[in-house]
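Here is the structure we will look at.
Every number in this text was worked out from the coordinates using simple rules, so none of it is lab data. On a predicted model such as this, the values are computed, not experimentally measured, just so you know. All Cβ positions, even for glycine, are placed from backbone atoms using ideal geometry, and neighbour counts span all protein chains on display.
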Amino acid sequence: MSETRSGFVTFVGRPNVGKSTLTNALVGEKVAITSDKPQTTRRAIRGILNRPAGQLVIVDTPGIHKPRTLLGQRLNDLVEQVLGDVDAICFLVPATEKVGPGDRRIAASLDGYPRARKVALVTKTDIASREQITERLLEADALREDWAAVIPLSAVAGEQLDVLADELLAMMPVGPALYADDIATDESVSDRIAEIIREAALEGVRDELPHSIAVTIEDIAPRADSDLTDVFANIVVERDSQKAIIIGHKGSRLKDVGARARAGIEPLVGTRVFLSLRVRVAKEWQRDPKQLGRLGF
């Protein structure tokens with residue numbers, strides 16, 4: 001019988017290149033929220049992929065960006081910490097966008113992590129022309145001389161995901177699985193619910209608002225003599241004007257957020273859910289060390 005391998009891999013790239021979508025596609029279920037808003041991912045979320053040959057622990061990280069706030073700086077610090085601990089780093093470039101200065105900067109920064117194998121991934125091939133894919137493969141390949149592999153793929157269409165998983169597993173150290181094979185993520189139910197609510201709140205908001213939204217969970221409790229779970233949560237923003245946007249006219253927007261979030265929470269907890277959402281203002285929380293600490297950053 002061949003030896004099994006297991007280890008850690010992470011995806012890096014500019015914000016919004018498809019890291020969380022790829023994590024979810026490989027794991028086979030939604031463990032990381034997705035949005036077209038930059039810096040949607042704020043924590044190192046571990047998704048677990050089990051294969052006959054072994055186990056990949058995929059650490060989904062925030063996009064690397066020029067920080068404008070203390071939160072932004074802490075997110076970049078988190079990425080650096082993860083990069084120092086993983087066995088392989090996959091650098092993502094969308095097939096639909098030319099490689100730019102941001103990509104070159106991130107690719108060059110991988111010199112700082114000599115232990116990890118490096119893989120270039122050209123993503124979103126399902127919406128790119130053949131010419132774009134070829135161009136991007138050449139551009140990505142030219143960014144470094146030490147790529148262990150350069151792979152085009154589509155997380156949405158499921159193209160080449162098996163190829164990627166096989167390549168990555170072959171790079172992992174020999175050893176037993178790090179997690180039980182029935183676990184898809186090490187995120188707590190409370191954290192996953194908070195993220196589902198934040199994803200619902202992000203939908204359709206104006207560009208300046210996403211960074212200002214955080215979610216805290218007050219309580220999750222099964223209701224006695226009922227197949228209902230009560231969830232009490234706060235949506236935290238930085239200004240009163242943002243609170244008004246989240247609530248919407250006569251509460252219409254908050255009601256939509258609640259309905260979308262409930263649809264994601266119910267399969268997770270396995271019961272119907274009563275969701276109570278309050279919108280709270282914490283002035284300039286992204287720049288305040290104390291508030292950041294309270295919100296878990």
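Quick notes on this one:
- Convex hull volume per residue, computed on the Cα atoms of segment 117-195, equals 142 Å³.
- Each label was represented as a point 7 Å from its Cα along the Cα-to-Cβ direction; for Arg130 and Ala221 these points are 6.3 nm apart.
- Lysine pair count for segment 5-171 [Cα-Cα under 19 Å; pairs on different chains or 8 or more apart]: 10
- Solvent-free Debye scattering, log10 I(q)/I(0), computed from the Cα coordinates of segment 189-294 at q = 0.11, 0.23 Å⁻¹: -0.33, -1.24
- Between 0 and 90°, nearest 10: helix 161-171 axis offset from the chain longest Cα axis: 70 degrees
- Charge tally in the Cβ shell below 12 Å around Ala259, where Lys, Arg are +1 and Asp, Glu are -1, Ala259 excluded: +1
- DSSP finds beta bridges in the chain, and of those with both partners inside it, around 35 percent are antiparallel.
- Loop sites in segment 117-221: trypsin sites (Lys or Arg not before Pro), DSSP, at most 14 other Cβ within 10 Å: Arg206
- Enclosed volume per residue, in Å³, of the convex hull spanned by Cα atoms of segment 97-138: 77 Å³
- Nearest 10 degrees, 0 to 90: helix 130-143 Cα axis against the chain principal axis: 80 degrees
- Applied to segment 194-201, the Karplus parametrisation 6.51 cos²θ - 1.76 cosθ + 1.60 on θ = phi - 60° returns per-residue 3J(HN,Hα) values of 4, 5, 4, 5, 5, 4, 5, 6 Hz, with x for Gly and Pro.
- Over the chain: Rg over Rh, Cα atoms, Kirkwood Rh: 0.98
- Judged by the gyration tensor of its Cα atoms, with axes a ≥ b ≥ c, segment 5-171 is rounded; a/c sits under the 1.5 cut.
- Relative contact order of segment 189-294, pairs being alpha-carbon contacts under 8 Å that are 6 or more residues apart, as %: 30 percent
- Scaled to the globular estimate 2.2 N^0.38 Å, the Cα spread of segment 209-251, given as radius of gyration, is 1.53.
- Each residue of segment 280-289 was assigned a 3J(HN,Hα) from its phi angle through the Karplus expression (A = 6.51, B = -1.76, C = 1.60, θ = phi - 60°), giving 10, 9, 10, 3, 6, 4, 5, 9, 10, x Hz with x at Gly and Pro.
- Per DSSP, loop trypsin sites (Lys or Arg not before Pro) in segment 228-297 with at most 16 further Cβ within 10 Å: Arg239, Lys283
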